Structure formats: C-alpha cells, structure tokens
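The values are calculated or read from the model by the stated rules, or taken from the named source; none is laboratory data. Small disclaimer: the values here were computed from a predicted structure and weren't measured. Please note: Cβ atoms are built from the backbone with ideal geometry, for glycine as well, and neighbour counts cover all protein chains shown. What goes into the accessible areas is simple: the full protein's heavy atoms, side chains included, and nothing from ligands, DNA or RNA. Shrake-Rupley method; radii C 1.70, N 1.55, O 1.52, S 1.80 Å.
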There are 4 protein chains.
Amino acid sequence: MEQEQHPHPLKNRLYVIIFGTHTSAGRAFDIGLLIAILTSLCIVVAQSVPEIQLAYGVPLHYIELGLTGLFTIEYLVRLYCSPKPFAYARSYYGVVDLLAILPTYIAPFVPGASYMVVIRMLRIMRIFRILRLVGYLQDSNLLLRSLLMARRKVFIFFSTVGILVTIFGSLIYVIEGPEHGFTSIPKSIYWAIVTITTVGYGDIVPQTGLGKTIASLTMLLGYSILAVPTGIITAELNNEMKSHRQLVKCPNCSKSGHETEAMFCKYCGSELADPDQRVVPVETSDK
Amino acid sequence: MEQEQHPHPLKNRLYVIIFGTHTSAGRAFDIGLLIAILTSLCIVVAQSVPEIQLAYGVPLHYIELGLTGLFTIEYLVRLYCSPKPFAYARSYYGVVDLLAILPTYIAPFVPGASYMVVIRMLRIMRIFRILRLVGYLQDSNLLLRSLLMARRKVFIFFSTVGILVTIFGSLIYVIEGPEHGFTSIPKSIYWAIVTITTVGYGDIVPQTGLGKTIASLTMLLGYSILAVPTGIITAELNNEMKSHRQLVKCPNCSKSGHETEAMFCKYCGSELADPDQRVVPVETSDK
Amino acid sequence: MEQEQHPHPLKNRLYVIIFGTHTSAGRAFDIGLLIAILTSLCIVVAQSVPEIQLAYGVPLHYIELGLTGLFTIEYLVRLYCSPKPFAYARSYYGVVDLLAILPTYIAPFVPGASYMVVIRMLRIMRIFRILRLVGYLQDSNLLLRSLLMARRKVFIFFSTVGILVTIFGSLIYVIEGPEHGFTSIPKSIYWAIVTITTVGYGDIVPQTGLGKTIASLTMLLGYSILAVPTGIITAELNNEMKSHRQLVKCPNCSKSGHETEAMFCKYCGSELADPDQRVVPVETSDK
Amino acid sequence: MEQEQHPHPLKNRLYVIIFGTHTSAGRAFDIGLLIAILTSLCIVVAQSVPEIQLAYGVPLHYIELGLTGLFTIEYLVRLYCSPKPFAYARSYYGVVDLLAILPTYIAPFVPGASYMVVIRMLRIMRIFRILRLVGYLQDSNLLLRSLLMARRKVFIFFSTVGILVTIFGSLIYVIEGPEHGFTSIPKSIYWAIVTITTVGYGDIVPQTGLGKTIASLTMLLGYSILAVPTGIITAELNNEMKSHRQLVKCPNCSKSGHETEAMFCKYCGSELADPDQRVVPVETSDK
C-alpha cells in the first residue's frame, strides 16, 4: 500500500481512508463496510426462508436496496480515488465489488437474476482484511506458508484420491449395476467419494456381498489415507514454526528462538519487535 | 486457594473442607459431592425414559427431592463459610450451583420448568476438580495451554470453514432449489456443515448431477481441511511438551530435559520435584 | 519366559513347544494353532449366513466339533505341562481358552448357548503372538508405549467428550422432544455420540431450526476436537521415536541416533545389535 | 532406464521416445499418451450414462474404436522396440496395456466382455509418470518412503482394526439379531466397518438400547484410533523431512540443512544441485 502523493488532496484523503488500514479513519471505514456486507448477506439468507419472506419481505427488500445503493457509491468512490482505476476494476476485489451490485439492477429485466445475488457471498472474503486489524496476520501467514510449502504433496495426494475413486467407482458399477442404484459410472464415482471421505449419506448403498466387500475396502482405505494430508500439514507447520522462531532475533543480544507471542527477549529482557511486524506479510493486494 | 485465617473456627473448618482439596476431609467431601451430582444426573436421565418413569417414577422423584435438599444445604453452607459470599455467588460455580437447585422448587408453579433441570448438567464440570485429586492436573494444563496457544489459528480456521459453508450452501440452494429439499439458504448451510464435517446424515442429499459435483467438492475439501486443526494442535502440543521438558530442572545438578513422569534426575540420580508441583497450575478459580 | 528345568523331560519338551516361541517346533506349533483358530472363526462366521448354513450346515458342524476337540486336547496339555497349572488357568489366556471350548459342550443342554461361541473371538488376540515371529515386536512395543504415555491425556479427552455429549444430548432432547424421535435423554445422548464422532447414521435427525443449529455446533465441535487425540498420539510417537533412537548405541564407537531399521553403525560400519533385541520387550505374559 | 546401444537406429530412436522421458520427443509422447488415456476413460465413463449413450452412442463408439486402434499400435511398437520384449510383456505395465485393449476385440464374441473395459482404469496409473515431467518426483518419493517406513506400524494398526470389527460385529449380531437387519455375522462385520470408520450409511442401525450402547462404543473407539495412523504417518514424515535436509549438502562449503526448495546455499550463496537430482529416485520400473 504505497502512500504516493496525489495531486488532489480530497482524492488522497479518500484513498487513505478507503484502501488503507493504518489510520483510525481507515479502520473505522473497514469495520463499517464489514458490518454492511454481513448485514446484506444476512438479508439475502433471510429472504430465502419462505416464512420470513412472507412476513418481512417488503422491509427487507428496501433495506437491501439501500445497502446496494451504498455499495454502488462505494464502488464509484473507489474508482474515483484510486490512482489506477483500471487496475482496481480488473483486480479480484474490483470484479467482485461490481458483480455484487449488478444483480439488484438487472433483476427487473432478466428473470432469475436475483439468484446471482449469491455472488455477493464472495465479498465476505473481505472479512480476512479484519485479520490485519486484530493482529492475527502473523498466524494467518504461518498457516498460508505451510499450505504453500505443502502444495506439491497435497496435489499428489488428491491425484491419488482421484484415481482411487475412479477405480472403486467403476468396480462397484460393474458389480452392483443399475438395478441397485448405481445407474452410471459418474454416479458410482460420486458414491466412491461419499464413501472414501467417510461422509456416508446412505442414499446409494451396495446390496450384494461382493459390493459390500468393495465398500468396506473403500472405507478402510479412506479412513487411513486421511492420515496423509494431516501428516503433511503437521510436518510443514512444525517446520514453519521452528524456522519462524529462528527468524525472530533480539535486537539487543541478537539471540533467536523466541516464542511467537513473546514481547521481551528471554535472555536479556530488552523489548522485541512488534509480533506483527516481524515477518514481511504476504499481503493480499487490494488495488 | 489462600489459607487465610477466619475469625470463626467452625467457618474456617467448613471452608477448608468444602472449598479445599488438600486435606483428607476436603478430598472426601469432593468425592462425595461428585457421587451425589452423578447420581442426580443419572436420575434426570432415567426419568426421561418413559418405561422407567412409569415403573419407578415415584421413588426416583423422592430421591431427586432428597438430593436437591442436600444441594440446597451445600449451597447455603458455601455461602455461610465463604470469606466473600458475594464473590462466590457471582462466580461461575456459584451461579451454576443456584441454577441447579432452582428448577425443582419452581416446577410446581411454572409449567415446563422441570426441563430446566438440564442446567444441572453444567454441574458435572466439577468433575474436572477430581483431576487435581488423581494427579492428572499437569497433563490437563498441558492440553489447555496448547489449545490457548493455538486459539488464533483455530479462530482463523473456523472463519474459513464458516465462509466455505456459506458459499457452498448458497451454491447448492441455487442449483438444487426447494424442490429437492433445499428449501432455504439456512437449511442449505446446515447441509453444507453436515457434509463438510463428513457427518453425512443423508436427510437432505443433492439430486442433480451438478449438485452432486458441488457436494463432492465440499466433501473432498472438508476431508482435507480437517488436516489443518490437527496440524495446529499437534505442532502446539509438540512445542509445549518440549518447552515443558526444558522447564523441569534437577535441584542438584540443575540439568533439564527430564521425562514428564521422571521421578529422579537421569544425570545424578537425586530426586526431582513432585510432577504435579513442577508447573504453576492454571487454576480454575472456585470462589 | 524363564527356561526353568522340569523334572519330567516330556513335560519340559511340551512346555517349550506349546508356550515358547524360540525353537522351530514352538514356532510351527504357534502357526498351526493360529490357522486352527482362524479356521474355527471362519466356520462360526459362515454358519451365521442362512444360505451357507442350509447348504453346508452338517459338514461345517462336524469340522467345528473336530476343532473344538483339538482345542480341548490343547487346553488339557497346557494344564499338564505348565509348571504352575493354576496360574495358567487363572491367566487371561487360560480363561479365554476354557471359555472358547465350553459353548460347544453345553449347547445341547442350555438353549442359546451356541451364541456364546463368539467368546472364541477373543482367541484371535493370540494373533498378536505372531508379531514376535515375524519381527514386528519392536514397532508394536513403540505403539504400545506411546499409547501408555498418552493414557492420562486420552482419559481427560474422553471425559470431555463424555460431558459434551451429555450436555448436547440433553439440550437436543429439550429442544426437539419425543415428537421428532428424541424419545429420551439416553437416546439423545446416542444421537450426540453419532453426531460428534461424525458417523451420522441419519436414523434420528433434528427437524426444527434451533435443533439444526445445535446439531451444527455439535458437528463442528466434533470435527475439531478430533484434532486433540491425534495431536496427543503424534506428539507421544514423535517423542518415543526420538528417545528410541537415543537408546540404540553402536557397540564399537558407542555413538547413538541410528535409524530403527539400521543394521550397521553409520559412523564406523560395525554391526549393530539385532533390532528386535535392542529394547527390552513389553511381553504379554502367557503363563 | 539404461541407455544401452541398439543395433537398429529406428528401434533405438523409438525406444528413447516411447520408454524415455528425458528427450523433448519422449516428453511429448508421454503427454500425448496421457491425453489419449484420459479421453478414452472419459468415453467409457460417458457411455455408462444412459442419456449420453442414447444421444451420442454411435460417435462415442467410433472414437473409442479409433483410440483402441491407437493403443494396439502403441502396444505392438513397444514390443518391437523394447530390447527385451518378453520382460516388457510380463511387466505390470505390459500386462495392463494388453488387458486395456483386449475387451474391445472380444466384446462381439463374449457377452458382458465390454464391462472388462474398466481394466483400462488401471492405465491411469501411468499418470504418475507425469510427476517426473513436472518435477514433483522428489515430494512423491518423500511420501512413498514415509509410507514404506511406516508399513509395519500400519500393518499392526490394520490387524487391530480387523480384530475389533470382528468382535464388535459378532457382539451386535448376538444382541440385535436378524430381526433388526443384522442377518449374518459377515453383514454385522460390514456394519462394524461402516461404524468404526465413521462412514455411517444408516442402512443398518441398532434398534435396542444395548445395541446402541455397543454402537456408541464402536464409534468412540473408531473416532479415537483414527489418531494412530495419523500419528504414525506424521512422525515418519517429520523424520524423513529432517533426514532429507541432512542429506542436501552445499557443494562449496559442504554445510547441510537446506530447505527442500532452496536453490542456493544459505551460508555461502553458491548454487545447490537441482532439487530433483538430489536424492536417488525410487523409479517405478517401466520396462
């Protein structure tokens, strides 16, 4: 978030408030926006319940229109005060912000467009901005880095699961057949996923002895390969936490190995850097 | 549990017995109280079974009345002997102790009040006091500290799960719709929670091909993100156990790194401090 | 298994074959016994299938009688050759060996006694003896020691789960009530266990909105506290594997830290002790 | 993959392209083959859906015939250019390649042979070859070695689970009996597997109080022993990752302990060996 000097002081001030999180006005704006987004989401959720829609449909509709109006103004102000409006409009949040307000405007003309309101759900991703406000950024980065380090192993794991459900799905299709509910291979693969992840809806179940044996194998396999991603994430997290401790150095005696939440050096007692400044954060670019 | 001197010797003795756990009388009182609480819970549970209520309803009712009487006396004695009666009355256990005896008294006047007896369930929390009696306090503190250290990461994890179930719930609502049982977004979010936690009741299941694909994604996601909290807790526990070993020092040669249950220094053979005294316990305040 | 000298050479030889595992005759006896036990189990399982019982009921019955006869002879020989027959008869395996042959003898006199044949299932515990034969004893001991070290933490975990299912079971009983299938608190606790362990049969499910909210909480809780036992076992296993490596010392250069399956010292190349002799095994006493 | 000199230059060139992965032509061939295999799999899956079979059955059948023709040519060329044709024909991939093309040829003569097309599923195992192309070999080897190191512990774990489901299955069969759906011990063991792995289809559920108690025990047991394989895999992975770091040495200063993905020595800055060359890979023999 570079603090470059704008020629217009108004644009500059708006930019700091709307895009920044370091001033108190910027924080207040972010919190207000989050409350507005959550309220708008709750209304969308409430409108889908027939009883609520019948009783409070009209007032809810007006609150929703009002919030959409506010979001429209916010979108236009963001476009106005951003130093690079096109870069914002093409960014992830720029597209989501536009898609979040469109459905309400085109709903009267296109039937079924009101369903597109669910796109607004993607706006709650902004809730992760709040992590920066409450100082949870460091732990969030630790988790992200661990997942990033493990991405190759997780990819291999998911390929293996994909191949297993294809093989077991095809097997059960041949064994049980359409007369027991396994009407096609895609449906049988769906059954294999339901079984290997230990969800077990019970909407399609094997009926023959051989089918039950295959199902038992699938369950035991799913039950035990669950250990693999857990092992991967744990090992990476362990690694990250250790190397992170190595990174935190006391500015006075330069000894490392301090606890994540330590505020003072345990060897010489001098104050350590603010935990949230210690590591260069993986910023989710916002412009 | 400071052992401050009371002016009245009776009050003092009662206080040591009822609130303390270090004298043999205090231990006997705690064990007796736990048996009474468990008996009273079993009666509440048994009374809810229609067959038992029909056959033994009357004697069970009298035993319950008797136990409630005992709990009332216990509550009054606690108020009497506590050096700060108001502090006790406003504490967690003070409120629970009162709420546990009230329902029986107001049941004849307020219909349905007997259901409030389930508040008595909260009294079984006192069972954790027994941990101090059997020397399990240290392990209990280790687990608590690990969970406390991991609280930020667990919060981030639950926020992510919350956002995921909202998005998947809304998606499946739009795709499947009320005609396949997904009558509202809250109900669809309930389905998403049932699926992502791999519970899989099977009371609502997707019927269309697209819905099944979304469901499969939800399952695979739920199956693999389960690895994240496990990784977090394991890494923290590992950390805690290591730093705990570091803390235990031999009083003779002052070398550290002893096993949790070691009684003697493995370097010089001199006796180590009692395991349960080694770490300052995270006391669940009782007054 | 002390090799004390018996006065009768026959008794002595029988003792070494039947109770020992170190001679080739003793190993052959153990493997033969295991095959006989597994065959007898397969027959019990097969007899419970109506189609098989109808077609092969008579020959299966005769094979079963023959095997029971063999087991009876084995039991009597064990009693005869054991230096302390009463100690054997009162030991775990002594009681199981007797209970495994009794049902067949009392079945003609006591109706329903044939069901007691399932006690024979306990005999398959002897399969763990084979671990000693195939050299898996060391890994089996490592797992056992880890579980033993973790027993206090696992006890605390199960107490917490017990309290949680009691509280959630009582809550759902009050909220949903008998009209939605929650006919008593024990049945509601059963539902809470089905839900918190993420099994999710779907035979009893909440119908009201509040009930579904409580169910969602139970699921999310169950989903995440599963992380706790995993973390405990992993941390203990990690610990055990590390301290085990410390224990294995090269007899030549006395450096430690060798891999579990290493046969030669990685520092000086001299042969290490046989892996299965390295640690004093936690023998499951057999006399 | 020894690069031995063939007398025929054509045979030699074909061998390098078809069996090798180190030339760009060899990589192109592998990727083309993978696309052909995946297309053929998608057609088999699509043909099993009645709606698709009705609408596009004929064109799909001709594409399938064409692909089978290509696979036949590929199989014959492999036989021709392999220095040891019989060794290839008897290898895992040689048998799978033959079985993958046979069903289409014998389908007109043997009814039901078209079902054998599912054997073609086994060809997707070749997808793991692509790991070598995208540089994921190292992580794949790390996972494989961890599983290999843990094989003894996993075997002990599965033996324990096998004994537990036999005991619980027999118990529930005796308690619930055929009138509640538990018609035989094998079916009851299937129920025990469904329950202990927390799948919970709900097709067979206990009806009596005692049966529900046994079921609750099975669930809690299954829920917590899941911790054991996870602990095993995590501990082994941790071990492997540590010893792997030890193996990577800087060719300049010969210090070890570099991150898996490090490209330069963190002590002297000189370039490290290519990550995929660092460890001798566990090749899945292809000839």
> Out of the stretch B:164-181, which residues are among the aliphatic types (A, V, I, L, M) and touching a residue at least 24 places away in the same chain (Cβ under 8 Å)?
Replying inline: B:Leu164, B:Val165, B:Leu171, B:Ile172, B:Ile175
>> Please go through the stretch D:26-75 and give me each residue that is more than 26 Å from the chain's Cα centre (by Cα), more than 16 Å from D:Thr104 (Cβ to Cβ) and open to solvent by less than 60 Å² (accessible area, probe 1.4 Å), ordered by number.
In response: D:Ile52
>> Condition first: facing chain D (nearest Cβ under 9 Å), among the hydrophobic types (A, V, I, L, M, F, W, C) and assigned to a loop (DSSP other than H, G, I, E, B). Now tell me which residues in the stretch A:171-203 satisfy that.
In response: A:Val199
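Yes/no per residue for (1) modelled with pLDDT of 85 or more; (2) under 30 Å from C:Tyr190 (Cα atoms):
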site: B:Pro7; (1), (2): no, no
site: B:Arg13; (1), (2): no, no
site: B:Thr21; (1), (2): no, no
site: B:Val49; (1), (2): yes, yes
site: B:Leu54; (1), (2): yes, yes
site: B:His61; (1), (2): yes, yes
site: B:Tyr92; (1), (2): no, yes
> If you check B:Ser40 against the conditions, is it closer than 25 Å to C:Val174 by Cα and not aromatic (Phe, Trp, Tyr)?
Replying inline: yes
> Out of all the residues in the stretch D:180-236, which are aromatic (Phe, Trp, Tyr) and under 20 Å from D:Val154 (Cβ atoms)?
Replying inline: D:Tyr223
>> Just checking, does the stretch A:147-159 include any residue being in a helix (DSSP H, G or I), more than 10 Å from chain B (Cβ to nearest Cβ) and either closer than 22 Å to A:Tyr15 by Cβ or at pLDDT below 75 (or both)?
In response: no
> When you look at B:Leu272, is it modelled with pLDDT of 60 or more and within 12 Å of another protein chain (Cβ to nearest Cβ), yes or no?
Replying inline: no
> Could you list, in sequence order, the residues of the stretch B:204-229 that are open to solvent by less than 10 Å² (accessible area, probe 1.4 Å) and part of a helix (DSSP H, G or I)?
Replying inline: B:Gly211, B:Ala215, B:Thr218, B:Met219, B:Gly222, B:Tyr223, B:Ala227, B:Pro229
> Could you say whether any residue in the stretch B:19-33 is under 29 Å from C:Val174 (Cα atoms) and outside any helix (DSSP H, G or I)?
Replying inline: no
> List, please: which pairs have Cβ atoms under 7 Å, are six or more places apart or on different chains, and start with a residue in the stretch B:1-21 that is within 10 Å of B:Ser82 (Cα to Cα) and end with one that is open to solvent by less than 40 Å² (accessible area, probe 1.4 Å) and modelled with pLDDT under 75?
Replying inline: B:Asn12/B:His6; B:Tyr15/B:His6; B:Phe19/B:Asp286
>> I need the full set of residues from the stretch C:84-110 which are surrounded by 15 or more Cβ atoms within 10 Å (Cβ to Cβ) and touching a residue at least 24 places away in the same chain (Cβ under 8 Å), in order please.
In response: C:Tyr88, C:Ser91, C:Tyr93, C:Val96, C:Asp97, C:Ala100, C:Ile101, C:Thr104
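Here is a list: C:Gly26, C:Gly66. Which entry is at pLDDT 85 or above and closer than 27 Å to D:Ile163 by Cβ?
Answer to the selection: C:Gly66.
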